[in-house]
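What follows is calculated from the coordinates using simple rules that are stated; it is not laboratory data. Remember, it's a predicted structure, so these values are computed and weren't measured experimentally. Neighbour counts are summed over all protein chains in view; Cβ atoms, including those assigned to glycine, are modelled from backbone coordinates with ideal geometry.
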Amino acid sequence: MVVFIVRRLIETLAVLIIVSILSFLLLHLLPGDPVASMLGSDAKPADVAQLRHELSLDKPITLQYVDWISGVLHGDLGKSINFRENVSTLIGQKLPITAYLGFLALLVSIIVGIWAGILGATRRGGFIDGLISLLANVGMAVPTFWLGILGIYVLGLKLDLLPIQGFTWPTVNLWKSLGQSVMPVFCLAVPGIAMLARQTRSSMLETLQQDYIRTAYAKGLRERTVVYKHALKNALIPIVTLLGVQVRYLFGGAVLTETVFNIPGMGRLLVTASFNKDYLVVQGCTLFIGVVVCLTNLIVDLSYGWIDPRIRYD
Amino acid sequence: MTEIEISQDIVKAPKRTSEFRRFVRVMSSRWVVVFGFVIILILVLTAIFAPFLAPYPPNQQDLGATTQNPSQAHWLGTDALGRDQFSRIIFGSRIAILVGVVAVALAAIVGMAMGLVAGYFGGWVQIVIMRFIDALMAFPPIVLILAIAVLLGGGLFNVLLAIGIGLLPTYGRLMYGQILALKQNDYVTAAGSIGASNTRIMFFHLLPNAFPSLLILITLNMGTAILMEASLSFLGIGISPSIPTWGSMVNVGYQYILINPWLSLSPGIAILLVVLAFNLVGDGFRDALDPRLRGRI
């Protein structure tokens, strides 16, 4: 167990280093002069030299990386050209919004996805199963941004039920916040619901064929107990694996949903920065997301033994 | 001697046909898979015959008839420059096919090669390649693709390259796992012991046996690649706006949603149908090729 944890930690550290190198190269592999394209063509030579020095671009590339990474480890991701603000401060401002919506979406996709998957598995081959499979297939294929626009058009503009854009914290205005969150959270959750429903269904179908399930039925236990207590627990491993993947997709989904619904989170920060060639922001966001995903994967891997005590790490 | 030859023929011949027949039977027995095939066929035919099928050239402007509602002359109406929406969707299929084929081919070839080499040689080669793949996998595909597109700039070629890199790690992972398992087979040891080179073993013994799982992933990824390109074009970072792509049409049409909602909604339906079709066919392949399901369906 300890050996496994240590090995997994070393592996994660190696991956984190490569993630940081990739993010570093993002700026330094830019064709042409990044400083010139950041400051524009009418920049003063003194400013150019200053920024070049700040970014350590006047040193050999290995030293540049060392300088950069030691800055990063101290929370210094550089300064945004457009926002005139530290990149780490910007991420600190935008991340809570993305994390809040992402958390709600994760919650929705877990509840709805697993429920739908169980429903499909226990009614295998029936109408409900077919309908769930169809919806799951559509959910995996539907473009997130298009779904958002469809929602804005039908629910927002035609029926006037929900606000079509913006973000409010629930502590500021609960009703407004809820209204504004419904569509973005739904759009973010749809791919997750679809994936979890499919995974839960097939995982449950496999588990429901096991001998101990038949035994549980034979003992006269109610279907509810058999399904939720005996089967679901044992079908949980592939589902948890998928949850790790979800975090990655939520960041990806945030890029699109936050653009459609005009939410000032990290996804939109990344898109705005991409448009403005605000490279340090792109670099900082990419690095941050990569690190979060790596750490989530680590947690998921380490949690297997806790979920299923039969799993031995050796 | 003759007896052996005859008996081999008897054993061999029906088995081959039955395996292929089983594949076709499993594939065609599910209407959703057939539906997927039909959609893909329509997509390919539309892309090939676009100039003959489209009622108007995709970039022909008619400034006297801008943002019109659907009518007899323009089935889905016209956009802000008076271009026929239906014709532009038809031409958009070409980019979809191009992205699906080229980006996925790129990802599959490079990713497979990485997984193959890592799985076959093991040791330091494996550690370096697989950790690199893990690192690529840490980024959500759309973020990775966005970052690469920013780095390289937009344009068709760069978008294809970016999507290719974004999809690459999955192939590396899959291939690596497959090779690790396949390497244990006796026929690999046998091939090595009669002096087959590493290259020969990798390409003639391991690769063909890993192919079924790769075929499934390739099919599913065609849809993913099309979805990625559409997302990138929607954000406005993709292919040049003069080329009709479904993603950018959703984006541009969104501004006129109250005048003609079809401008934004109809290309999305095209994306949805095509991605759905590739997913359904990919699932069909999985059911037909998965050895664990053999005999059950």
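Okay, here's what the table says:
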{"read-out": "Cβ charges +1 (Lys, Arg) and -1 (Asp, Glu), total dipole of chain B, debye", "value": "560"}
{"read-out": "Of the DSSP H helices in chain B, those whose Cα atoms cover at least 18 Å axially and whose Kyte score averages 0.5 or more", "value": "B:31-48, B:85-98, B:104-121, B:123-137, B:156-182, B:207-235, B:262-289"}
{"read-out": "Nearby lysines by direct alpha-carbon distance to residue A:44 (threshold 24 angstrom, same-chain neighbours under 8 apart not counted)", "value": "A:59, A:79, A:277"}
{"read-out": "All lysines inside 20 Å of residue A:176 as judged from Cα atoms, apart from same-chain residues fewer than 8 positions distant", "value": "A:94, A:158"}
{"read-out": "Mean-position separation - Cα centroids, the range A:211-278 and the range A:86-140, in angstrom", "value": "5"}
{"read-out": "Principal-axis tilt of helix A:2-28 within chain A, Cα atoms, nearest 10 degrees", "value": "40"}
{"read-out": "Cα-based shape type of chain A, given that a ≥ b ≥ c are square roots of the gyration tensor eigenvalues and the cut on a/c is 1.5", "value": "oblate"}
{"read-out": "Reciprocal of mean inverse Cα separation for chain B (Kirkwood radius, Å)", "value": "21.7"}
{"read-out": "P(r) histogram, all alpha-carbon pairs of the protein assembly as shown included - 20 Å bins from 0, percent", "value": "17, 50, 29, 4, 0"}
{"read-out": "Rounded if a/c under 1.5, otherwise prolate or oblate - the range A:5-110, Cα gyration tensor axes", "value": "oblate"}
{"read-out": "Listed residues A:152, A:128, A:193, most fluctuating in chain A (Gaussian network, C-alpha, under 10 Å)", "value": "A:128"}
{"read-out": "Mean residue ellipticity (222 nm) of chain B, computed from DSSP H runs ≥ 4 via -39,500 (n - 2.57), nearest 500", "value": "-24000 deg cm²/dmol"}
{"read-out": "Total charge dipole magnitude, the protein assembly as shown, about the Cα centre, Cβ charges on Lys, Arg, Asp, Glu only, Debye to nearest 20", "value": "1660"}
{"read-out": "Acute angle (nearest 10 degrees) that the helix A:279-307 long axis makes with the longest principal axis of chain A, alpha-carbon atoms", "value": "30"}
{"read-out": "Contact order relative to length of chain B, as percent, for alpha carbon pairs under 8 angstrom and 6 or more apart", "value": "23"}
{"read-out": "Residues whose placed amide H lies under 5 Å from that of residue B:75, excluding near-sequence neighbours", "value": "B:86"}
{"read-out": "Cα centroid separation - the range A:143-164 against the range B:84-149, whole Å", "value": "32"}
{"read-out": "Estimated 222 nm signal from helices in chain A, with DSSP H stretches of n ≥ 4 weighted -39500 (n - 2.57), rounded to 500", "value": "-24000 deg cm²/dmol"}
{"read-out": "Cβ-defined net charge surrounding residue B:192, 14 Å radius [Lys, Arg +1; Asp, Glu -1]", "value": "+1"}
{"read-out": "Degrees separating the helix A:266-275 axis from the principal Cα axis of chain A, which is the longest one", "value": "40"}
{"read-out": "Cα-based Kirkwood hydrodynamic radius, the range B:130-244, one decimal, Å", "value": "16.1"}
{"read-out": "For A:145-152, mean number of other protein chain Cβ atoms within 10 Å", "value": "6"}
{"read-out": "Along chain A, longest interval not containing exposed trypsin sites (Lys or Arg not before Pro), exposed being DSSP loop plus at most 14 other Cβ atoms within 10 Å", "value": "A:125-218"}
{"read-out": "Qualifying lysines (Cα of each under 23 Å from Cα of residue A:233; at least 8 residues distant if same chain)", "value": "A:219"}
